[in-house]
Amino acid sequence: MAEIVATPSQGQTFGKVSARSSAARHEARTAWLLAAPAILLTFFFIVLPVFAVITLGFTDFELGYSGFQFVGAENYLELFGDRTFRQSLWNTFVYAAIVAPVSIFLALGLAMLIEAEGIGRSFFRTAYFLPVASLLVAMATVWQYLFHPSIGPINAMLALVGIQGPNWLGASSTVLYSLAIIGIWQTVGFNLVLFLAGLTAIPRDLYAAAEVDGARSAWDRFRLVTWPMLGPTTLFVTTISVINAVKVFETVKTLTEGGPNKASEVLLFTIYQEGFVYLRVGYASAMTVVFLAILIVLMIVQYRIQDQQVHYT
Amino acid sequence: MTSNGFTPARVARLAVLSFGALVFLAPYIFMISTAGKAQSDIFTSSLSLIPQQWFFFENFAKAWSRVSMTTLLFNGVLVCLLILVFQVVVAIPCAYAMAKLKFRAARAMMVLVMLGLLVPIHATALPLYVAFDRVGALNSYVALVAPFTISVFGIFLFLQFFRSMPDDLIHAARLDGMSEIGIIARVIVPNAWPAITAFAIFSVVAHWNDLYWPLIVVSNQAYATPPLGLLYFRAAEAGDDYGALMAATLIITFPLVAAFLLAQKRFVEGITMTGLKG
Amino acid sequence: MSALSLRNIEKSFGGNAILKGVSLDAEPGEFIALVGPSGCGKSTLLRILAGLETADSGTITVGDQDLTKLQAAARNVAMVFQSYALYPHLTAAQNIAVPLVMRRLTRAQRLPLLGPLMPGQRQAIADIKRDVRDMAVSLKIDHLLDRKPGQMSGGQRQRVALGRAMVRRPAVFLMDEPLSNLDANLRVHARGEIVEMHRRAGVPTVYVTHDQAEALSMADRVAVMIGGSLLQLAAPAVIYDDPQHVEVAKFVGQPRINLISQQVAADGTVGLGEARCGLSRIDVAVGSEVTLGIRPEFVSVSREGRGLPALVERVEFLGSEIIVYSRLEQSGDTMIAKLTPAEGAGLSTGKRIHLAAAPERLFVFAEDGRRLRSTSLIDSDVRELAYG
């Protein structure tokens, strides 16, 4: 992704300058025509709405009321003092801080076990990947049953070993962790498949060289070969995992509606509530700008790290 | 690195992997089991997987009667299909122009694409919702499909793919007298199937599962997509009728899971390709 | 006692015998080239030597130490890989340092943050740095030490790989086609360097290649491996002038040796025109099939007169020599002759020529490929003696 300069194709070289430039003009016109639908749609569905959301963030626009006024930074000031919003930011942070690292390291560990194992490779891959291909809203419902405090299998199992299970999704002390478990369950397979691809791409000779060079233990070989060679994959997996964790919405909307007691209020759910339920579009737009800013910061961090890494050949 | 014998290390490895797989598959196992249980059965013995009374038919019938599953599935397929077709038809010519034709805007467009990759539907939903509301287009297939007709990710993916195709292929096609549209249709697309498949899988998985946008623009059950429909079903069911709920869940999860199980290799390739290129 | 000794190494993959009992001894400081067509098992043998694969049976000893059951990391054996296998994330200096770090530092000393706190770590690191620099200077790559493999040319990478192998003064040196990724010019130059480096290190070296020119020009002794068996192990000149097996004769020599099937005549001889060889009755019976071999440079061509008549099919001009492909009129066999430009002047496709060979240059191989003892005879001289 580092290379963002389009490589222009060599046009045919004609002897005469005029013939050449007319051919070039023709080529440019064709290119414009081919790109026009994409450019128009990008403008209407991405560029314009982004500018609109930034603008709306400075207004008191509410759906259902006709007019609106520019209120400057008032929305942002309100955000700072808004307990729900601060809670929501914090919850999103906690959720991402659990789901991203756990799903990354779990996936890496499982990928290395699968890679080292001869049999059952495709079975294990399928098993761990299945949640990625499943409708999350539907599977969240299943998890709700699994987590059910009285009739749920999880607490039933805990009861077998004499532990009184918590009210997973129903208590404000555990709800975020329960959601994080679902999030991890859903993300691991995706990361695992990427890590498996990364592992397969490591040249076997490097492991042989490491052995000959005296790397006796599996840990030495991991440090010397696997971990550094997986660098680009790990960076990518990390970025995707963090961004997806920040975007958590489906499970919250389906299972908890932000509750109990705002303990599972997360960023996108708060934006949804403000914008589409209370219809305070201006205020929700300001929140959206904060959300976008978080994504941009994450992207910049990724680019920075990527630039520091060498491009292996 | 494959060992032939069952060494202790290998047994441990297999044990860990198998236990993990069991945990990851547990929700499916309980989903299927519970979908076949009667209400009383669910409340008394949650750990036994085999239903005491065979209740599959009743639960499925209930699921089918409360919410029109056929409509849901039909909407899901239609919306995903429309989105995919538009995305591909819009993205491929654009990516081709950026990769293989010389024009001045190519560089600016590249920057636009990279920025566009950052912007999810959640960021543009508010103004789009206001706009759709103003033109009275809420509760329609148009509202469900239109914002996704452009996929910058698609452009990016195809762009990467086209760049690796040799220029000589296109030059040869031009010498053979093909127009640019002809080149796209007869040279580029036939050679781009791996990228198109990968993108199709990515797109369908994303939009089949998307709840956010349908939730915003659709309030009429007739246009509900599967995730939204399931939300309605839960609301309508309210109580703890997990048997019917699991049956509905099973019906709605099944299509994509079946597609995945049938075309596993393509799925994994697709995810790997779309993933690592990004 | 030899410096390196392989005894009866056998290996098979899934019922496919890759190595069929290979034995090989190397003297201290000897350079042995292991040569053979691809798939002959030479790389597998090398990997078994390195400890990267385990043999099904057989033993490996270096000096008086039995390595057979040791892990690769525990053997003091260095290897240069065909792909060089440099760690792409490490600089040249770090790459060369890896074997020293792995051997000289304890596990605790190697820990990322705690390592520097361990006693003796600082001194050990300083020693390693000094050794790496010395090695780089002797390979003339000290200006590359801060570069990563991605920023180096093929030749530079190859030297860094050599440095990494040499720096720890191994007991045995293994090289797996280390020059095959270089372009032709560089390759010839690098041959000399590797031989020079080997002489300085004075360590037995096993060098795997499929390129016979490399093997013949570099090695003290050449081991020719075909189909999982070691057919001959001898000095380059012996391999070329006195091949013990038809496959060895076929594999070594460019252009390829001429081979002609023949039946042993009633008088117990075989031959090419007037050049005849007598065979011992103990080796082979009258009427049985044998193969005659003659190297192209020993085939002489005359426009008329004595010799076997043949038609020129193709003439290749190579500057210092001319290769003539012709078809024998009697048997239809194709014969290749290597001539000087003077000898070959005026030859062209379709010309009729006569081929002759010196009988002492003929090799006779039995049906199973073994070389047969033979005596050279000139025409009708003393025919009875040969079959006596």
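For region B:61-74, does any single residue satisfy the condition of being modelled with pLDDT of 85 or more, in a helix (DSSP H, G or I) and either within 13 Å of chain A (Cβ to nearest Cβ) or surrounded by 20 or more Cβ atoms within 10 Å (Cβ to Cβ) (or both)?
Yes, region B:61-74 contains at least one residue that is modelled with pLDDT of 85 or more, in a helix (DSSP H, G or I) and either within 13 Å of chain A (Cβ to nearest Cβ) or surrounded by 20 or more Cβ atoms within 10 Å (Cβ to Cβ) (or both).
How about region A:90-113: which of its residues are away from every other protein chain (no Cβ under 12 Å) and open to solvent by 20 Å² or more (accessible area, probe 1.4 Å)?
A:Trp90, A:Phe93, A:Val94, A:Ala97, A:Ile98, A:Pro101, A:Val102, A:Phe105
Condition first: outside any helix (DSSP H, G or I) and surrounded by fewer than 17 Cβ atoms within 10 Å (Cβ to Cβ). Now tell me which residues in region A:72-89 satisfy that.
Those that are outside any helix (DSSP H, G or I) and surrounded by fewer than 17 Cβ atoms within 10 Å (Cβ to Cβ): A:Gly72, A:Ala73.
Take the conditions touching a residue at least 24 places away in the same chain (Cβ under 8 Å), in a helix (DSSP H, G or I), touching a Gly at 6+ places or on another chain (Cβ under 6 Å) and among the aromatic types (Phe, Trp, Tyr) and apply them to A:Phe269. Does it pass? Step through it out loud before you land on a result.
Working: touching a residue at least 24 places away in the same chain (Cβ under 8 Å): yes; in a helix (DSSP H, G or I): yes; touching a Gly at 6+ places or on another chain (Cβ under 6 Å): yes; among the aromatic types (Phe, Trp, Tyr): yes.
Yes.
Take region B:101-112 and flag every residue that is open to solvent by 10 Å² or more (accessible area, probe 1.4 Å) and either under 23 Å from B:Leu228 (Cα atoms) or not small (Gly, Ala, Ser) (or both).
B:Lys102, B:Phe103, B:Arg104, B:Arg107, B:Met109, B:Val111, B:Leu112
Any idea which of (1) within 9 Å of chain C (Cβ to nearest Cβ); (2) part of a helix (DSSP H, G or I); (3) in contact with a helix residue (DSSP H, G or I) (Cβ under 6 Å, 6 or more places away or on another chain) is the one A:Ala209 doesn't satisfy?
(3)
If you check every pair at least six apart or on different chains, which have Cβ atoms under 9 Å apart with a residue in region C:10-37 that is within 30 Å of C:Arg256 (Cα to Cα) first and a residue that is open to solvent by less than 30 Å² (accessible area, probe 1.4 Å) and among the acidic types (Asp, Glu) second?
C:Ala33/C:Glu214; C:Val35/C:Glu214
So, in region A:114-172, exactly how many residues are at the interface with chain B (Cβ under 7 Å from one of its Cβ atoms), surrounded by fewer than 21 Cβ atoms within 10 Å (Cβ to Cβ) and more than 30 Å from A:Leu199 (Cα to Cα)?
Matching residues across region A:114-172 total 3.
Can you pull out the residues in region B:131-169 that are polar (S, T, N, Q) and modelled with pLDDT of 90 or more?
Correct list: B:Thr149 only.
For region A:121-189, which fully contained helices (runs of 4 or more DSSP H) count at least 2 residues that are more than 30 Å from B:Gly270 (Cα to Cα) and among the small types (Gly, Ala, Ser)?
A:153-160
Would you kindly identify the helices (runs of 4 or more DSSP H) lying entirely within region C:169-261 that contain at least 2 residues that are in contact with a strand residue (DSSP E or B) (Cβ under 9 Å, 6 or more places away or on another chain), among the small types (Gly, Ala, Ser) and buried (at least 19 other Cβ atoms within 10 Å of the Cβ)?
Result: empty, no element qualifies.
For region A:54-71, enumerate the residues that are assigned to a loop (DSSP other than H, G, I, E, B) and within 31 Å of the chain's Cα centre (by Cα).
Residues of region A:54-71 assigned to a loop (DSSP other than H, G, I, E, B): A:57-58, A:60-69, A:71.
Residues satisfying the conditions are A:Gly57, A:Phe58, A:Asp60, A:Phe61, A:Glu62, A:Leu63.
Within region B:116-131, is there a residue that is more than 7 Å from every other protein chain (Cβ to nearest Cβ) and farther than 27 Å from A:Phe58 by Cβ?
Scanning region B:116-131 turns up no residue that is more than 7 Å from every other protein chain (Cβ to nearest Cβ) and farther than 27 Å from A:Phe58 by Cβ.
Identify all residues within region C:99-150 that are among the basic types (Lys, Arg) and open to solvent by 80 Å² or more (accessible area, probe 1.4 Å); write none if there are none. Reasoning before the result, please.
We begin by selecting, within region C:99-150, every residue among the basic types (Lys, Arg); these are C:103-104, C:107, C:110, C:122, C:129-130, C:133, C:140, C:147-148.
If the condition is that a residue be among the basic types (Lys, Arg) and open to solvent by 80 Å² or more (accessible area, probe 1.4 Å), then C:Arg103, C:Arg104, C:Arg107, C:Arg122, C:Lys129, C:Arg130, C:Arg133, C:Lys140, C:Arg147 are the ones that fit.
Looking only at region A:1-38, count every residue that is more than 7 Å from chain B (Cβ to nearest Cβ) and modelled with pLDDT of 75 or more and tell me the total.
8
If you take the residues in region C:61-97 that are assigned to a strand (DSSP E or B) and at the interface with another protein chain (Cβ under 8 Å from one of its Cβ atoms), which one is surrounded by the most Cβ atoms within 10 Å (Cβ to Cβ)? Can you show your working first?
Restricting attention to region C:61-97, the residues satisfying the condition of being assigned to a strand (DSSP E or B) are C:61-62, C:65-66, C:77-80.
Subset that is at the interface with another protein chain (Cβ under 8 Å from one of its Cβ atoms): C:77-79.
Numbers: C:Val77: 25, C:Ala78: 25, C:Met79: 29.
For region C:61-97, the residue satisfying everything is C:Met79.
Given (1) more than 12 Å from chain A (Cβ to nearest Cβ); (2) in a helix (DSSP H, G or I); (3) touching a residue at least 24 places away in the same chain (Cβ under 8 Å), identify the lone condition not met by B:Gln87.
If we test B:Gln87 against (1) more than 12 Å from chain A (Cβ to nearest Cβ); (2) in a helix (DSSP H, G or I); (3) touching a residue at least 24 places away in the same chain (Cβ under 8 Å), just (1) comes out false.
Anything in region B:124-138 that is small (Gly, Ala, Ser) and farther than 10 Å from A:Val53 by Cβ? List them, or say none.
B:Ala131, B:Gly136, B:Ala137
Looking at B:Ile150, B:Ile155 in this structure, which one is part of a helix (DSSP H, G or I) and in contact (Cβ under 8 Å) with a residue 40 or more places away in the chain?
Of B:Ile150, B:Ile155, the one residue that is part of a helix (DSSP H, G or I) and in contact (Cβ under 8 Å) with a residue 40 or more places away in the chain is B:Ile155.
Confirm whether A:Phe195 is in contact (Cβ under 8 Å) with a residue 24 or more places away in the chain, surrounded by 18 or more Cβ atoms within 10 Å (Cβ to Cβ), part of a helix (DSSP H, G or I) and within 7 Å of another protein chain (Cβ to nearest Cβ). Even if it seems obvious, please write down each step before you answer.
Details: in contact (Cβ under 8 Å) with a residue 24 or more places away in the chain: yes; surrounded by 18 or more Cβ atoms within 10 Å (Cβ to Cβ): yes; part of a helix (DSSP H, G or I): yes; within 7 Å of another protein chain (Cβ to nearest Cβ): no.
Answer is no for this residue.
The values are calculated or read from the model by the stated rules, or taken from the named source; none is laboratory data. Not measured: the values here are computed from a predicted model. Quick reminder, even Gly has a Cβ in these numbers, built from the backbone with ideal geometry, and neighbours come from all protein chains shown. Remember, those area values only see protein heavy atoms, side chains included, never the ligands or the DNA or RNA. Shrake-Rupley method; radii C 1.70, N 1.55, O 1.52, S 1.80 Å.
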